Amino acid sequence: MGLFGSNDITGIDIGAGSVKVVRMAPGRRPKLLSAALVEMPLDPAMATGISADLRYLQSVKKLGRRNIVTLMPGKDLTIRSFTMPRMPLTELGEAVRWEAKRHVSYPLDTAQVEYLIVGEKREGTVSKYDIVMIAAERGKVLEHLVPLDEAGIKVSAVDANALALRNVLRLREIPVDANTLVVDMGAGKTEINIFKSGSLRFSRCIESGGLDMTRAVAEAGGIGLPEAEEMKRGMNVLTPPEHDQAVAAVRIRIDTLLMEIRRSVEYYKTTFREKGVESMILTGGVSLMPGIREYCAQSLEHAVEIDQPFDGLLCKKNLLEELGPVAPRFSAAVGLALRKA
């Protein structure tokens, strides 16, 4: 995948509801040079196509043409944690590929497999690596790159959303051995990630997000999707559901996601013999809904904060004024632009 050197890096996050692009200059304190967002119409008949949106962002917003990093949708990735006996790194890559056979449903010769060594430990007399494996079917990767190719954008690297969020998390001061839960609530999916000391330990993608909530509002109110989306963005989820059918419909979806978050944390505690998570961060478009932070905190009985990915960056005042109110939607794109190799 190579190194980017000292050049600017552009991160492109193509989601189900929008395209987010960020251009960053690396440094001890990275500098946000430019950022932009294009909403995708809820009515497919109104869509101009992702490639057209990308061409617009590059030509009008001047968001860079080199050192482009994008990400794969979580639903197309297999992310697993396991241990392997310590061995020469020249042998470890092949050993991880063979381990991948146990976790992917497609032939191994069609798989793109990457891995991270996130720690080391000793079990009895055996030294072991803690490994995080990330695998994707090569055809899915090429499929995801089609709109970028059509827009004339040459991609330098493809990353996982979880690793992009890790890059943003590392801008924070995290206590040693702390377990941090980062939940990315996007339009088309919700991704549950747990990091220990800033290293990814667990990742799970649920194919439900803001668009499902919008559809629920539309059904409850007998209205179109554009009107339902506007209503959803303005509603306060703390409103008593008996007073608002739309809130009641949205709460059902949120409660289902919260149940999956609790299950994921319990699985992590049991599998990794951890006591739990010390902090929780919400990001993605759904995290901007009024009352969502408080509602999640009440349900999970845990402090929750909304991600602010521009914090810790050098940033022009006009960019912060323009994009600050929707900053959590840019978390993945910022993380992509923070990628070092």
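The values are calculated or read from the model by the stated rules, or taken from the named source; none is laboratory data. Bear in mind that the values here come from a model prediction, so they are computed numbers and not experimental data. Note that each Cβ is placed from the backbone with ideal geometry, even for glycine, and that neighbours are counted across all protein chains shown. Heavy atoms of the whole protein, side chains included, go into the accessibility calculation; ligands, DNA and RNA do not. Shrake-Rupley method; radii C 1.70, N 1.55, O 1.52, S 1.80 Å.
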Counting DSSP beta bridges with both ends in region 70-173, the antiparallel % (nearest 5): 90 percent
Label point distance in nm, LEU319-ALA25, each placed 7 Å from Cα along Cα→Cβ: 1.0 nm
Spin-label model distance (nm) - VAL326 vs LYS154, 7 Å beyond Cα toward Cβ: 3.1 nm
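Past the 17 angstrom mark, what percentage of all C-alpha to C-alpha distances in region 82-140 do you count?
Working: 677 of 1711 pairs.
So the portion of pairs separated by more than 17 Å is 40 percent.
Dividing the Cα convex hull volume of region 187-320 by residue count, how many Å³ per residue is that? Let's see the in-between values first.
Numbers: hull volume 16.8 nm³, N = 134.
Per-residue hull volume (Cα only) is 125 Å³.
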Sorted largest first, extent of region 16-97 alpha carbons per principal axis (Å): 52, 37, 18
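For the chain, what proportion of DSSP beta bridges, expressed in % and rounded to the nearest 5, is antiparallel?
Working: 49 of 67 bridges.
Taking every DSSP beta bridge with both residues in the chain, the antiparallel ones total about 75 percent.
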Pairwise label distance in nanometres, LEU225 with GLU143, each label 7 Å out on the Cα-Cβ vector: 1.9 nm
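I need the fraction of alpha carbon pairs in region 270-341 separated by more than 15 Å, rounded to a whole percent.
On the way: 1612 of 2556 pairs.
In whole percent, the share of Cα-Cα pairs in region 270-341 beyond 15 Å is 63.
Within the accessible area of the chain, what % is carbon and sulfur when the probe is 1.4 Å and the other protein chains stay in place? Each step should come with its number before you reach the end.
Working: 8410 of 16530 Å².
Summing carbon and sulfur atoms, their accessible area is 51 percent of the total for the chain.
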Sites GLU39 and GLN298, calculated FRET efficiency, Cβ-Cβ separation with R0 35 Å, nearest 0.05: 0.70
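Given DSSP loops and a limit of at most 12 other Cβ atoms within 10 Å, what is the longest stretch of the chain that contains no such GluC sites (Glu not before Pro)?
Numbers: sites that count: GLU173, GLU207, GLU301.
Longest run free of exposed loop sites: 1-172.
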Relative contact order (%) - criterion: Cα under 8 Å, at least six apart; region: the chain: 21 percent
Percentage relative contact order, region 21-153, counting C-alpha pairs under 8 Å, at least six apart: 25 percent
Centre separation in Å (Cα based) which lies between region 46-118 and region 289-335: 25 Å
P(r) histogram, all alpha-carbon pairs of region 35-194 included - 5 Å bins from 0, percent: 1, 7, 13, 16, 17, 17, 12, 8, 5, 2, 1, 0, 0
Value of relative contact order over region 116-269, rounded to a whole percent, pairs C-alpha under 8 Å and six or more apart: 13 percent
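Let's test the formula: R0 of 35 Å, r as the Cβ-Cβ distance of THR271 and GLU242. What FRET efficiency results, to the nearest 0.05?
FRET efficiency, THR271 to GLU242: 0.35.
On a 30 Å Cα-Cα criterion, which of the cross-link pairs LYS101/LYS121; LYS31/LYS275; LYS62/LYS340; LYS75/LYS269; LYS62/LYS232 come out too long? Provide the component values of the computation, followed by the final result.
Values: LYS101/LYS121 24 Å; LYS31/LYS275 37 Å; LYS62/LYS340 22 Å; LYS75/LYS269 23 Å; LYS62/LYS232 32 Å.
From the list (LYS101/LYS121; LYS31/LYS275; LYS62/LYS340; LYS75/LYS269; LYS62/LYS232), the Cα-Cα distance tops 30 Å for LYS31/LYS275; LYS62/LYS232.
May I ask you to give the average projected area over all directions of the convex hull of the Cα atoms of region 122-260, in nm² rounded to one decimal? Display every interim value, and only then the final one.
Values: hull surface 53.1 nm².
Taking the Cα atoms of region 122-260, their convex hull projects to 13.3 nm² on average.
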Heavy-atom surface of region 242-341, accessible at 1.4 Å and reported per residue (Å²): 49 Å²
